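J.: Mind having a look at this structure? Questions to follow.
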Amino acid sequence: MSFSSDNPIQSNQLPISIEFPETSDENFNEVLSLTYKRIADSSNTKEGALYTLSEVANFRKFFTPANPQSTRNSYRKVFDLVALNSGNIGAGAAVSFAHNITGLKESDLIYASCTSTDASPKRFSIMGITVYLDNTNVYFTNPLGVSLSQAIVVANYLKN
């Protein structure tokens, strides 16, 4: 039983309790099978929380504009911009590098964000960053007046 009145939240939640019929009951296998299907569906539609430097499926599903009943899989890849740039990213500097994502379409980029620190270390959550992916590269411009010693981009994207 879910405690939310929000139907989208309830749609992939498991009941907190269930009463199975006796194993001798003719409905036992049907109830057990249905319960397993609900568990598998709920588990399989949860967003994955892996933020690694390699491509992973994040288990988000996005509708297809021409056919909203059809969904497409979403993927995530994290980029360590400082490591890929061989050191600090200077104030106002622009960097780009190959993302090595096969099948990415520029218009399919869903989300990219960045959190950075300068050498002090002060923490920044950068708003209004210039970061984007095209078919081959990631592009980033440091909008701050300090050199960045850490800059991470998280890209969620569609490939199909």
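J.: Just name the residue that is modelled with the highest pLDDT out of those in segment 1-36 that are touching a helix residue (DSSP H, G or I) at 6+ places or on another chain (Cβ under 8 Å) and of a type in the set (A, V, I, L, M).
T.: Only one residue fits best here, namely Ile18.
J.: Quick one: how many residues across segment 78-89 are part of a loop (DSSP other than H, G, I, E, B) and surrounded by 14 or more Cβ atoms within 10 Å (Cβ to Cβ)? Walk me through how you get there before you give the answer.
T.: Taking segment 78-89 first, the residues part of a loop (DSSP other than H, G, I, E, B) are 85-88.
Narrowing further to those that are surrounded by 14 or more Cβ atoms within 10 Å (Cβ to Cβ): 85, 88.
Final tally of qualifying residues: 2.
J.: Of everything in segment 48-72, what is free of Cβ contacts under 8 Å to residues at least 40 places away in the same chain and within 12 Å of Ala155 (Cα to Cα)? Give them in sequence order.
T.: Thr52, Leu53, Ser54, Val56, Ala57, listed by residue number.
J.: Oh, and also: Quick one: is Ile39 β-branched (Val, Ile, Thr), assigned to a helix (DSSP H, G or I), at pLDDT 80 or above and open to solvent by less than 80 Å² (accessible area, probe 1.4 Å)?
T.: yes
J.: Working only within segment 44-65, note down all residues that are open to solvent by 70 Å² or more (accessible area, probe 1.4 Å) and either over 23 Å from the mean Cα position of the chain (by Cα) or among the small types (Gly, Ala, Ser) (or both).
T.: Ala49
J.: So, of the residues in segment 90-106 that are exposed (fewer than 13 other Cβ atoms within 10 Å of the Cβ) and of a type in the set (A, V, I, L, M), which turns out to be modelled with the highest pLDDT?
T.: Here the answer is Ala98.
J.: Moving to a separate point now. Scan segment 138-157 and tell me whether some residue there is closer than 29 Å to Arg72 by Cβ, assigned to a loop (DSSP other than H, G, I, E, B), β-branched (Val, Ile, Thr) and modelled with pLDDT of 75 or more.
T.: No, every residue in segment 138-157 fails to be closer than 29 Å to Arg72 by Cβ, assigned to a loop (DSSP other than H, G, I, E, B), β-branched (Val, Ile, Thr) and modelled with pLDDT of 75 or more.
J.: Filter segment 116-137 down to residues that are within 17 Å of Ala83 (Cβ to Cβ) and modelled with pLDDT under 80 and give me whichever is nearest to the chain's Cα centre (by Cα).
T.: For segment 116-137, the residue satisfying everything is Ser116.
J.: Can you name the number of the only condition in (1) outside any loop (DSSP other than H, G, I, E, B); (2) at pLDDT 90 or above that Ser74 fails?
T.: In the conditions (1) outside any loop (DSSP other than H, G, I, E, B); (2) at pLDDT 90 or above, Ser74 misses (2) alone.
The values are calculated or read from the model by the stated rules, or taken from the named source; none is laboratory data. The shown structure was predicted, so the numbers you read here are calculated from the model rather than taken from an experiment. Using ideal geometry, Cβ is built from the backbone for each residue, glycine included, and neighbour counts are taken over all protein chains shown. Note: accessible area is taken over every heavy atom of the protein model, side chains too, but ligands, DNA and RNA are not part of it. Shrake-Rupley method; radii C 1.70, N 1.55, O 1.52, S 1.80 Å.
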